[in-house]
Amino acid sequence: MGAYLLRRLPSALVVLAIASFGIFALVRMVPGDPVSTLAGPDASPEARAAIRADLGLDQPLVTQYVAWLGQLARGDFGTSYRIGGSVKDLVADGAVNTIVLTVTALLLAMAVALVCSVLAVVLDNRWVNATLSFGNTLAIALPTFVTGLVLILLFAVVFPVLPAGGTPPDGFLARPDLSVQYLLLPAVCLALGAGAALTRFLTESLRTELRQPYVTTARALGISRRRIVLTQALRNALPSAVTVLGIQFGTLLGGAVLVEAIFTWPGLGGLIEEAISGRDYPLVQVLLLLSVMVFVVIQLFTDVIHAWLDPRIRIGGAA
Amino acid sequence: MSESLIDIAAPEAGSPGSPDDQFDHRRRPGIWTALRRGKGLAGLILIGVVVALGLLAPVLAPHSATEQIPGANLVGPSGAHWFGTDEVNRDIFSRTLYGIRTDLIVVFLAVPIGAAIGILVGLISSWWTFTDVVAQRLFDLVLAFPTLILAIALTAFVGPGLRTVFFVIVAVELPVFGRLTRTSVRTVREMPYVEAAHVVGAGSLWQLRRHVLPNSMEPLLVQLAVSMSVAVFVEGAMSFLGLGVRPPQPSLGSLIRDGVRNMYDAPFFAVGPLALVVALVLGLLLVSQALAEARRA
């Protein structure tokens, strides 16, 4: 396993390195200037130059980039120009909220997908299949902002049983029951699309799996269909589902931007919007880099889990 | 295992030249008949209704998109105003009909443009190893960003507006189609008949046009339908975040956002636009599913 990870690491690092420079250069190409937002419209040229030198923006791009990398390596993420405070704290605060939301949604989606696909395959009943397929198409077709609004309208406006948005006032650990209430609507909203896609994929893989000769053999030996699905087909169908899960996690993080806006959830989505519109270079860089890093790490993780579940990849090396 | 994943992108091997194909040399039947029944037909009807409503907006709408009607402020649905009126006295039904047009531009113009460029880049770059590697890494990089984060970043360059939505859609779809085309090219060029064409002296361009492109058509069509439904979603999401069309121009997404702003005073506001968004996305999704099923059959 370690050897496999080691083999995959270089290409991931190359993508990260290219992305980090790309982001660094791109952020500085955005029209607008942090100096003018900081100094105000009436600042004298001398004052502006002083601020520019203070931020290190008068240096050549490559010098700035190398300095930034050095900072990152020392764990210093810089100071936000506009919001003030260290980038590390700002990002950490937002990240906690976003991660709680995304991971909850992912777990929900996984649970729903497992239950629904196994049910569909084990029962193999016309009505069950039709219902699941209809619900599935609907869940994929409903855009996130539509389900979010319908959920808020239903459970916060018409039947006011759940909060319409925000995070629990004292953090997630203080009152678990309250946290569940706050998490429920946004997490369901975020999980719906991913859950549906995952269910569709897993059901299809299970069906394919059940047409394999080993299943016929097992049936001939008198093992029940349910037992074959649970003990053998599921295990064989899981590796490719993990790949889809990895892709879905990326989609979830993107969707989180929107869900956070709908449910006024103070996560990374709002932070990134604020940072870009304020030309807050240090904050934007770290956030965009984080987004690419998450993507790369997920891809790596997916491949490793894939290899763990399927020995052929581990040994063959063709991943 | 992963066959099903590969299958999505791999073109149908060896379909030209099969006995059923003798009378139709262009394309094997099946994929188009899928649109004449069941899911495909239902999807086409849904799309058709929404498109017709949008195209006929000047005829059907009782008011213009920006006309302010004196004395009608946030009134509920009635015979005069089917969807009610908004906070500055505009007829929501009329705005919704005109708003569809914005989405139609995004779906039927931006997506095909992004797809066309992506297919072209995919076809040409994948023919040589060097350009192939460069193009694939670039595609990877773009795909590494979640769509909405890309949208927010791009808005910083060009400001909010329909143009930005257009750019985002093109930027997101280009690598998707580029990569799909690349998979097809890689598969098809290994086929004996392409090799044979090469041997008898066919040029790269001729091979691409005559063999590779027609054989990549079906997966690309399925992806086109999927991408179009995603485009409706992206337009809505961007308008929702305030990155989309600028007021007073309506779009389905911006109407939904206005509806949310007035949710407590006028819960009826967003219902019409919401229903249309769902109809359009559902229609495109049904078509894509029907096409995909016909391909697999």
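Which members of the stretch A:140-153 meet the condition of being within 11 Å of chain B (Cβ to nearest Cβ) and either free of Cβ contacts under 8 Å to residues at least 24 places away in the same chain or not hydroxyl-bearing (Ser, Thr, Tyr) (or both)?
Residues satisfying the conditions are A:ILE140, A:ALA141, A:LEU142, A:PRO143, A:PHE145, A:VAL146, A:GLY148, A:LEU149, A:VAL150, A:ILE152, A:LEU153.
Might you check whether a residue that is over 18 Å from A:ASP33 (Cβ atoms), within 26 Å of the chain's Cα centre (by Cα) and assigned to a strand (DSSP E or B) occurs anywhere in the stretch A:77-87?
The answer is yes, given that some residue of the stretch A:77-87 is over 18 Å from A:ASP33 (Cβ atoms), within 26 Å of the chain's Cα centre (by Cα) and assigned to a strand (DSSP E or B).
Table: residues versus (1) buried (at least 16 other Cβ atoms within 10 Å of the Cβ); (2) within 14 Å of chain A (Cβ to nearest Cβ); (3) at pLDDT 65 or above; (4) closer than 30 Å to A:SER240 by Cα.
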| residue | (1), (2), (3), (4) |
| --- | --- |
| B:SER2 | no, yes, no, yes |
| B:PRO11 | yes, no, no, yes |
| B:ARG26 | no, no, no, no |
| B:VAL59 | no, no, yes, no |
| B:GLY76 | no, no, yes, no |
| B:THR96 | yes, no, yes, no |
| B:ILE100 | yes, no, yes, no |
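Out of (1) crowded, with 22+ Cβ neighbours inside 10 Å; (2) under 21 Å from A:CYS116 (Cα atoms), what's the single condition that is false for A:LEU184?
Against the list (1) crowded, with 22+ Cβ neighbours inside 10 Å; (2) under 21 Å from A:CYS116 (Cα atoms), A:LEU184 comes up short only on (1).
For residues that are assigned to a helix (DSSP H, G or I), at pLDDT 85 or above and more than 7 Å from chain B (Cβ to nearest Cβ), tally how many sit in the stretch A:256-282.
Summing the residues that are assigned to a helix (DSSP H, G or I), at pLDDT 85 or above and more than 7 Å from chain B (Cβ to nearest Cβ) in the stretch A:256-282 gives 6.
When the residues of the stretch B:155-183 are filtered to those that are touching a helix residue (DSSP H, G or I) at 6+ places or on another chain (Cβ under 8 Å) and of a type in the set (Gly, Ala, Ser), which remaining residue is nearest to the other protein chains (Cβ to nearest Cβ)?
Selected residue: B:ALA156.
Would you kindly identify the helices (runs of 4 or more DSSP H) lying entirely within the stretch A:123-228 that contain at least 3 residues that are not basic (Lys, Arg)?
In the stretch A:123-228, A:126-141, A:144-152, A:176-210, A:213-220 are the helices (runs of 4 or more DSSP H) which contain 3 or more residues that are not basic (Lys, Arg).
State yes or no: is B:LEU252 farther than 28 Å from B:LEU141 by Cβ and aliphatic (A, V, I, L, M)? Spell out the reasoning first.
Numbers: farther than 28 Å from B:LEU141 by Cβ: yes; aliphatic (A, V, I, L, M): yes.
Spelling it out, B:LEU252 is indeed farther than 28 Å from B:LEU141 by Cβ and aliphatic (A, V, I, L, M).
Mind checking whether some residue in the stretch A:238-245 is facing chain B (nearest Cβ under 9 Å), over 25 Å from A:GLY70 (Cα atoms) and crowded, with 22+ Cβ neighbours inside 10 Å?
The answer is yes; a qualifying residue exists.
Considering the stretch B:267-297 alone, what residues qualify as being more than 20 Å from the chain's Cα centre (by Cα) and buried (at least 23 other Cβ atoms within 10 Å of the Cβ)?
Correct list: B:PHE269, B:ALA270, B:GLY272.
Only residues that are over 21 Å from the mean Cα position of the chain (by Cα) and surrounded by 15 or more Cβ atoms within 10 Å (Cβ to Cβ): list them for the stretch B:247-266, please.
Taking the stretch B:247-266 first, the residues over 21 Å from the mean Cα position of the chain (by Cα) are B:247-249, B:257-266.
Once the filter is applied, which keeps residues that are over 21 Å from the mean Cα position of the chain (by Cα) and surrounded by 15 or more Cβ atoms within 10 Å (Cβ to Cβ), the stretch B:247-266 yields B:GLN249, B:ARG257, B:ASP258, B:GLY259, B:VAL260, B:ASN262, B:MET263, B:ALA266.
Would you call A:GLY135 within 14 Å of chain B (Cβ to nearest Cβ) and either more than 29 Å from the chain's Cα centre (by Cα) or closer than 30 Å to B:GLN289 by Cβ (or both)?
yes
If a residue must be over 20 Å from A:PHE249 (Cα atoms) and either of a type in the set (Val, Ile, Thr) or facing chain A (nearest Cβ under 10 Å) (or both), how many such residues does the stretch B:136-154 contain?
Residues meeting the conditions: 4.
So if I check each of B:ASP86, B:ASP140, B:ASP91, which one is acidic (Asp, Glu) and touching a Pro at 6+ places or on another chain (Cβ under 7 Å)?
After ruling out the rest, the residue left standing is B:ASP91.
Based on what the data block shows, is A:ARG200 more than 19 Å from the chain's Cα centre (by Cα), over 27 Å from A:GLY75 (Cβ atoms), modelled with pLDDT under 90 and within 13 Å of another protein chain (Cβ to nearest Cβ)?
When the stated conditions are applied, A:ARG200 passes them.
Based on this model, can you work out whether B:THR187 counts as within 14 Å of chain A (Cβ to nearest Cβ), in contact (Cβ under 8 Å) with a residue 24 or more places away in the chain and among the hydroxyl-bearing types (Ser, Thr, Tyr)?
Values: within 14 Å of chain A (Cβ to nearest Cβ): no; in contact (Cβ under 8 Å) with a residue 24 or more places away in the chain: yes; among the hydroxyl-bearing types (Ser, Thr, Tyr): yes.
Judged against the criteria, B:THR187 is not a match.
Within the stretch A:1-58, which helices (runs of 4 or more DSSP H) (wholly inside it) include 1 or more residues that are farther than 18 Å from A:LEU289 by Cβ and modelled with pLDDT of 80 or more?
A:2-29, A:45-55
Answer yes if at least one residue in the stretch A:224-232 is of a type in the set (Gly, Ala, Ser) and surrounded by fewer than 20 Cβ atoms within 10 Å (Cβ to Cβ), and no otherwise. Spell out the reasoning first.
Step one: list which residues in the stretch A:224-232 are of a type in the set (Gly, Ala, Ser), which gives A:224.
Cutting the leftovers down to surrounded by fewer than 20 Cβ atoms within 10 Å (Cβ to Cβ) gives us A:224.
Yes, the stretch A:224-232 contains at least one residue that is of a type in the set (Gly, Ala, Ser) and surrounded by fewer than 20 Cβ atoms within 10 Å (Cβ to Cβ).
Give the stretch B:228-266 a look and list any residue that's more than 9 Å from every other protein chain (Cβ to nearest Cβ), among the β-branched types (Val, Ile, Thr) and in a helix (DSSP H, G or I), or say none.
B:VAL230, B:VAL234
Picking from B:VAL121, B:VAL133, which residue would you name as being in a helix (DSSP H, G or I) and within 14 Å of chain A (Cβ to nearest Cβ)?
Exactly one of B:VAL121, B:VAL133 is in a helix (DSSP H, G or I) and within 14 Å of chain A (Cβ to nearest Cβ), namely B:VAL133.
The values are calculated or read from the model by the stated rules, or taken from the named source; none is laboratory data. Source: prediction; values computed, not measured. Glycine gets a Cβ as well: all are built from the backbone with ideal geometry, and neighbour counts include every protein chain shown.
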